[in-house]
Amino acid sequence: MNETNLDAPIGATAERKVVLQSPGQAPDPKWVIVTRGIKREYDMGGEVVRALRGVDLAISRNEYVAIMGPSGSGKSTLMNVIGCLDTPNAGEYWLNGTLVSSMSDDALARVRNKEIGFVFQTFNLLPRATALHNVELPLVYAGIPSDERKKRAKEALARVQLDHRMDHRPNELSGGQRQRVAIARALVNRPSILLADEPTGNLDSQTSEEIMRVFEELATQGQTVIMVTHEPDIASHARRVIVLRDGEVATDDRREQFTQRLGM
Amino acid sequence: MPLFDAVRLALQTLRVQKLKSFFTLLGVTISVTFLIAVVSVVEGMSKYVEQDFAGKFLGVNTFNVRRFPDIQNDVTDLEWRAWQRRPRITPDDGEAIKAALPADARWAMQDLQWGQASSAFKTSGQQVLSMAVTPGYFGIKDLNITTGRIFNDQEDALGSNVVVIGSEIAEQYFPNLDPLGRELRINKFPFTVIGVLEKQGTVFGLNLDRQIMAPFHSYMSIITRARLNLYGVVVQASTPAAYPALQQTVREVMRKRHRLRPSEDDNFVLEGSDTALAQWLTIKKFLVLAGMFLPAIGLVVGAIVIMNIMLVAVAERTREIGIRMSIGARRRDILRQFLIESATLSVVGAILGIVLGIGLSKGVAAVSPLPAAVAPWSILLAVTVGAGVGIIAGAYPASRASKLDPIFAMRQE
Ligand SMILES: Nc1ncnc2c1ncn2[C@@H]1O[C@H](COP(=O)(O)OP(=O)(O)OP(=O)(O)O)[C@@H](O)[C@H]1O
Ligand SMILES: [Mg+2]
């Protein structure tokens, strides 16, 4: 372990503080994600569930971040907000310097299409469509013509070493292969962030390792990755680990600090 | 999502769920089949009435002066009794009409009676429509002779007992023989065959090839009792333009002969192809309306079925909708997808119905004298209605689909 590396604040922690404490101000676009005081509450017939109680996050380009925390701590809720699938009740969410938290449904759909690649625990592929067609789908909604779509979908499948399984339907693929298709689909529109909510949760440990290597490689190539996971050894692939507890950020460390804390 | 992709997706869904789609389409398909077939049959009847009936049976630009209409529907008892009190049309009336006609008009007297025919080769059989006519009749009805000749004015004046016979009578009563010069008895009275008519076929169940015509002044007029009461006086105008004036002329002659005051109504009718056609148009309107009513009910049922199927489809594919939304489908993309899907479904049903409908009307044409006349407008209507039904039926399910929350939708199994 390298001491100097450990002390040097990644993404400049001081700078991060400044960005997080200037509410209402558009952050520099080098920050892919800035959330200020994000709250998400569910009204369950009188009883209010506070899934997120004010989350402040600043993630810059090319970061590889793991989000951990106990079950029910709000990890998925946070990912859904970051992924523009859900809108917060309060707080600001800036994506690439634009305020997303007040966007219309249509604008959010466009952001999901262009800026976000989402990988889910349950793969979420269309069962009746081939791998190629599944990967093409975001391009369909982007209005890209068929030839171009096919070309780019094939490229994306090649990036996850699945170009030889293009014409297979999800039920003809292994879990690991399905998740690769999902990753290819997430990447095909060249999103600014790749989100993954427990991407290895449904996979055995060996396949999980394979999938983690895919994320690792993407991160090395400069893709911004945010991943939710329960497993410390999976989180240890990331370069930064955020721990949520009761809908709040408990710790936000470099991986080395994190592993130290855990005594690994 | 581009239209083409949406239609392809819809067809794919159809292909995958063949049986379900079949039942979904049944309502629309049957309705459209019916619509196409009914319109085709009615149009066919129309053609038939206009060409065969009005042309062959009544004659072009022709009217009959009659005591009461031969073509009737919905006659009340009262009317019928009033008709029976009317003066009869007599040969004298016929002569008076002839005297008043312009030179270019054609004229004939006609009487008819069902009679029993017999020959040396056949002594019984169905009754034969036996007519006593003046020679002008052949020209007016455009009747042509295949062998022999028609009778002339002289033979009529002399009351020669000659006869021109229909092709079927010739075949039946003189099998494999030349009927010319042979004897045909009508109600036991002998006539000499001098001509055979061209084959004409059947009009409204009346076999035109089972008629025979003898001179008006021959013994036939005794058989038909023409001297007391004519079936009608037939008048033909040279052009359609001359037709109304000709009717006016004849009407005045008849009113004068019947001594009608200006305030009194005609106590005779001038029955022409125009009256027959006017009657037909009334019937046709009714048939078309009836023909539309059933498919309309079918389409409502079809629409309800499609709506239910689409609601089920939306429920079954909630997850798919969530997935699509998560990768960038806007609400209106989802709306469009399901609208296009239900419209495609319905149009496929309509196309199926068009094919079946054309088949059905071809079938009707094959087993009946009605020609198939598939109206292009009915095909256009069927496709439009099909798409319309699909869009209306799909509107509610599609709107429900588009309003789903992506996270909720993705969590469904
Ligand atoms: N749609 C919802 N309606 C009501 N409450 C919800 C809803 N979604 C999440 N919650 C609640 O919000 C809290 C956070 O849930 P979330 O799914 O974000 O947790 P998580 O950290 O992802 O948990 P896990 O590790 O089990 O996936 C939980 O208490 C959960 O019950
Ligand atoms: Mg979760």
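The values are calculated or read from the model by the stated rules, or taken from the named source; none is laboratory data. Every value quoted in this text rests on a predicted model; they were computed, and no experiment measured them. No Cβ is skipped: glycine too gets one built from the backbone with ideal geometry, and neighbour counts run over all protein chains shown. Just the protein is used for accessible areas: all its heavy atoms, side chains included, with ligands, DNA and RNA removed. Shrake-Rupley method; radii C 1.70, N 1.55, O 1.52, S 1.80 Å.
Quick grid of which residues meet (1) more than 16 Å from ligand 2 (Cβ to nearest atom); (2) more than 21 Å from A:ARG61 (Cα to Cα); (3) touching a strand residue (DSSP E or B) at 6+ places or on another chain (Cβ under 6 Å):
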site: A:SER146; (1), (2), (3): yes, yes, no
site: A:LYS150; (1), (2), (3): yes, yes, no
site: A:LYS154; (1), (2), (3): yes, yes, no
site: A:ASP167; (1), (2), (3): yes, yes, no
site: A:GLN177; (1), (2), (3): yes, yes, no
site: A:ILE183; (1), (2), (3): yes, no, yes
site: A:SER192; (1), (2), (3): yes, no, yes
site: A:GLU198; (1), (2), (3): no, yes, yes
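Scanning the range B:219-235 for residues that are more than 13 Å from B:GLN113 (Cβ to Cβ) and either surrounded by fewer than 24 Cβ atoms within 10 Å (Cβ to Cβ) or of a type in the set (Ser, Thr, Tyr) (or both) yields a count of 1.
One line per residue, one yes/no per condition, for (1) out of contact with any Cys (no Cβ under 6 Å at 6 or more places or on another chain); (2) assigned to a strand (DSSP E or B); (3) open to solvent by less than 50 Å² (accessible area, probe 1.4 Å):
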site	(1), (2), (3)
A:GLY24	yes, no, no
A:PRO29	yes, no, no
A:LEU52	yes, yes, yes
A:TYR93	yes, yes, yes
A:LEU108	no, no, yes
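Going through (1) crowded, with 16+ Cβ neighbours inside 10 Å; (2) within 22 Å of A:LEU95 (Cα to Cα) one by one, A:ARG190 falls short only on (1).
Identify, from the list B:LEU370, B:LEU360, the residue that is touching a Phe, Trp or Tyr at 6+ places or on another chain (Cβ under 9 Å), under 30 Å from B:THR202 (Cα atoms) and assigned to a helix (DSSP H, G or I).
Unique residue meeting the criteria: B:LEU360.
I'd like to know if the range A:179-187 contains one or more residues that are open to solvent by 40 Å² or more (accessible area, probe 1.4 Å) and within 18 Å of the chain's Cα centre (by Cα). If you could, list the steps in order and put the result at the bottom.
Going residue by residue through the range A:179-187, those that are open to solvent by 40 Å² or more (accessible area, probe 1.4 Å) are none.
No, that holds for no residue.
Does A:ALA238 meet the test of being more than 16 Å from ligand 1 (Cβ to nearest atom), touching a residue at least 24 places away in the same chain (Cβ under 8 Å), under 29 Å from A:ASN189 (Cα atoms) and part of a loop (DSSP other than H, G, I, E, B)?
Values: more than 16 Å from ligand 1 (Cβ to nearest atom): yes; touching a residue at least 24 places away in the same chain (Cβ under 8 Å): yes; under 29 Å from A:ASN189 (Cα atoms): yes; part of a loop (DSSP other than H, G, I, E, B): yes.
For A:ALA238, the condition - more than 16 Å from ligand 1 (Cβ to nearest atom), touching a residue at least 24 places away in the same chain (Cβ under 8 Å), under 29 Å from A:ASN189 (Cα atoms) and part of a loop (DSSP other than H, G, I, E, B) - is met.
Yes/no per residue for (1) open to solvent by less than 40 Å² (accessible area, probe 1.4 Å); (2) small (Gly, Ala, Ser); (3) in contact (Cβ under 8 Å) with a residue 24 or more places away in the chain; (4) under 30 Å from A:LEU108 (Cβ atoms):
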| residue | (1), (2), (3), (4) |
| --- | --- |
| B:PHE293 | no, no, no, no |
| B:GLY298 | yes, yes, yes, no |
| B:ILE327 | yes, no, no, yes |
| B:ILE354 | yes, no, yes, no |
| B:LEU370 | yes, no, yes, no |
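The set of residues in the range A:55-74 being within 16 Å of ligand 2 (Cβ to nearest atom) and either within 14 Å of chain B (Cβ to nearest Cβ) or farther than 27 Å from B:ARG411 by Cβ (or both) consists of A:GLY74 alone. With (1) of a type in the set (A, V, I, L, M); (2) touching a residue at least 40 places away in the same chain (Cβ under 8 Å); (3) in a helix (DSSP H, G or I) as the list, and B:LEU380 as the residue in question, which single condition is left unmet? Among (1) of a type in the set (A, V, I, L, M); (2) touching a residue at least 40 places away in the same chain (Cβ under 8 Å); (3) in a helix (DSSP H, G or I), the lone unmet condition for B:LEU380 is (2).
Being within 30 Å of B:ALA82 (Cα to Cα), away from every other protein chain (no Cβ under 14 Å), assigned to a helix (DSSP H, G or I) and at pLDDT below 90: is that true of B:ALA290 here? Outline the logic, then answer.
Values: within 30 Å of B:ALA82 (Cα to Cα): no; away from every other protein chain (no Cβ under 14 Å): yes; assigned to a helix (DSSP H, G or I): yes; at pLDDT below 90: yes.
Considered against the rule, which asks whether it is within 30 Å of B:ALA82 (Cα to Cα), away from every other protein chain (no Cβ under 14 Å), assigned to a helix (DSSP H, G or I) and at pLDDT below 90, B:ALA290 comes out as no.
Looking at A:ILE193, is it more than 16 Å from ligand 1 (Cβ to nearest atom) and in contact with a helix residue (DSSP H, G or I) (Cβ under 6 Å, 6 or more places away or on another chain)? In short, no.
For the range A:106-120, filtered to residues that are closer than 17 Å to A:LEU78 by Cβ and free of Cβ contacts under 8 Å to residues at least 60 places away in the same chain, the residue that is nearest to the other protein chains (Cβ to nearest Cβ) is A:ARG112.
Could you list, in sequence order, the residues of the range A:95-106 that are under 25 Å from A:GLN21 (Cα atoms) and exposed (fewer than 13 other Cβ atoms within 10 Å of the Cβ)? Steps first, answer last, please.
Initial filter on the range A:95-106 (under 25 Å from A:GLN21 (Cα atoms)): A:95-103.
Matches in the range A:95-106: A:SER102 only.
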